[in-house]
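To start, the structure itself, in structure tokens.
Every number in this text was worked out from the coordinates using simple rules, so none of it is lab data. Remember, predicted model here, so these are calculated numbers, not experimental data. With ideal geometry, Cβ positions are generated from the backbone for all residues, glycine too; neighbour counts draw on all protein chains shown.
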Amino acid sequence: MNPTLADKIAHAPKAELHIHIEGSLEPELIFELAKRNNVKLAYDSIEALRAAYAFTDLQSFLDIYYAGASVLLTEQDFYDMTMAYVERALEDHVAHTEIFFDPQTHTERGVSIATAVAGIEGALAEAETRGLSSRLILCFLRHLSEEDALATFDEALPLFDKYAHRLIGVGLDSSERGHPPSKFERVFAKARERGLKLVAHAGEEGPPSYVYEALDLLKVDRVDHGVRSIEDAQLVARLADERIALTVCPLSNLKLCVFDDMTKHTLKDLLDQGVRVMINSDDPAYFGGYVNANYFAVVDALKLSDKEVYTLLRNSLEASFVSAEERDGMIARLDAHWKQ
Ligand code: HPA
Ligand code: ZN
């Protein structure tokens with residue numbers, strides 16, 4: 001890539017809308033927290049853990065990701081994890097981030113949702129004073145039952161009030177195949193009734209029909225990944241028509257073998273067909289890079305032009321769940337930067 005474009009990307013104000021905070025836990029911090037909390041890990045060194053990051057599909061990653069998250073026990077742990085991500089996001093000139101967390105991963109170990117949110121909020125409030133705005137999205141684990149998701153939603157109800165400025169939506173993640181969005185129609189209806197924003201992972205490993213279900217049954221505001229939408233021309237036309245954003249994660253797709261080579265990534269095809277795609281890191285500690293690295297990888301492999309990169313950056317701001325005023329302010333900053 002030409003160095004001027006790389007530099008422009010690196011310093012551009014951008015939004016990251018698909019980042020699992022548990023996926024930002026670097027091996028060094030996993031070991032530090034394991035020691036602090038007396039948690040036994042299945043790996044005896046940082047190197048051994050990192051060496052296990054050779055994934056063949058989504059499930060092979062999730063097994064290790066949940067094991068890594070097992071070191072999180074106290075509010076301080078959630079604060080430390082989030083603060084480490086905040087530092088990386090600021091380095092990458094992220095102006096706004098919408099962060100996912102997986103409460104069921106923690107409640108299963110006796111850690112309350114309130115503990116997790118308090119720690120995450122501590123770091124995000126501090127980030128706000130350093131120029132990084134943010135929102136938080138509670139994700140349901142789709143491999144667990146609908147009853148479990150409903151119980152999680154009920155437990156989180158007081159938090160949606162207490163942290164109304166931050167905790168603004170619900171999402172759906174974990175093992176996609178065999179767990180279609182339709183399984184969670186009722187809990188998403190409850191979230192919608194409360195006025196929460198709605199997102200769901202769909203069309204990462206799952207078929208285009210899962211994207212239709214996310215739109216028609218869950219009534220999501222954005223689709224996470226959604227890259228397999230390209231297999232259905234009617235779906236692509238609809239996404240473009242309705243300006244539905246897809247939060248695409250190039251390095252994740254490569255590491256989880258959704259595409260066997262970055263040059264085969266469908267991001268440019270979706271962009272060409274008018275779909276509002278934008279770039280994210282997903283689980284940066286596991287997939288080899290934070291958000292800027294994702295831009296570099298895809299821009300390089302797909303030979304994206306200056307104008308296409310601008311569209312991706314602008315899409316990230318347009319697709320964020322902030323007020324029109326905040327959004328316009330960020331777009332003005334991007335425009336000023338891009339013209340330089
Ligand atoms: N897909 C599904 N679930 C996840 C992911 C993902 O990419 N990352 C963390 N949980
Ligand atoms: Zn994800």
Handout entry: the chain: relative contact order in percent, alpha carbon pairs under 8 Å with at least 6 residues between
Key = 20 percent
Practice task
Can you tell me how much longer the chain between E326 and A114 gets when fully stretched, taken as 0.36 nm per residue apart minus their C-alpha distance, in nm with one decimal?
Solution key: 73.5 nm
Handout entry: V39 paired with D300, simple spin-label distance in nm, labels 7 Å along Cα-to-beta-carbon
Key = 3.2 nm
Problem - Derived scalar couplings ³J(HN,Hα) [segment 270-275; Karplus, 6.51 cos²θ - 1.76 cosθ + 1.60; whole Hz; x for Gly, Pro] - result: 5, 4, 4, 8, x, 7
Handout entry: Potential lengthening between D148 and E128 on full extension [0.36 nm per residue; Cα-Cα distance subtracted]
Key = 3.9 nm
Fill in the blank from the handout: Across the alpha-carbon set of segment 3-339, Rg over Rh with Rh taken as the Kirkwood radius works out to 0.93
Practice task
Calculate the length of the line joining the C-alpha centroid of segment 151-189 to that of segment 111-126, in whole Å.
Solution key: 17 Å
Handout entry: Those lysines that a straight Cα-Cα span of less than 21 Å connects to K162, excepting residues fewer than 8 apart in one chain
Key = K190, K197
Problem - Amide H within-cut-off set for D224, under 5 Å, with H built and near neighbours excluded - result: A200, H201, A202, T247
Practice task
Could you grab the Rg to Rh ratio for segment 137-293? Cα atoms only, Kirkwood for Rh.
Solution key: 0.97
Exercise for the section: Along Cα→Cβ, 7 Å out, is where each label goes; now give me the distance between the ones at R243 and R177 in nm to one decimal. Expected result: 3.7 nm
Handout entry: For segment 1-85, alpha-carbon Rg over 2.2 N^0.38 Å
Key = 1.33
Problem - J(HN,Hα) series, segment 7-16, from Karplus relation 6.51 cos²θ - 1.76 cosθ + 1.60, nearest Hz, glycine and proline x - result: 5, 4, 5, 4, 9, 6, x, 9, 10, 10
Practice task
Could you check the simple spin-label distance between E193 and L90, using points 7 Å along Cα→Cβ, in nm with one decimal?
Solution key: 4.2 nm
Completion exercise
Extension length gain for A336 and M1 (0.36 nm per residue less Cα distance), in nm, is 118.4 nm
Problem - the chain, helix-only ellipticity at 222 nm - DSSP H runs n ≥ 4, -39,500 (n - 2.57), divided by all residues, nearest 500 - result: -15500 deg cm²/dmol
Problem - Magnitude of the charge dipole, the chain, Cβ model with Lys/Arg +1 and Asp/Glu -1, debye to 20 - result: 540 debye
Fill in the blank from the handout: Note to self: C-alpha centroids of segment 223-291 and segment 27-48 sit apart, in Å, by 33 Å
Fill in the blank from the handout: Taking only the Cα positions of segment 1-145, the convex hull volume per residue in Å³ is 131 Å³
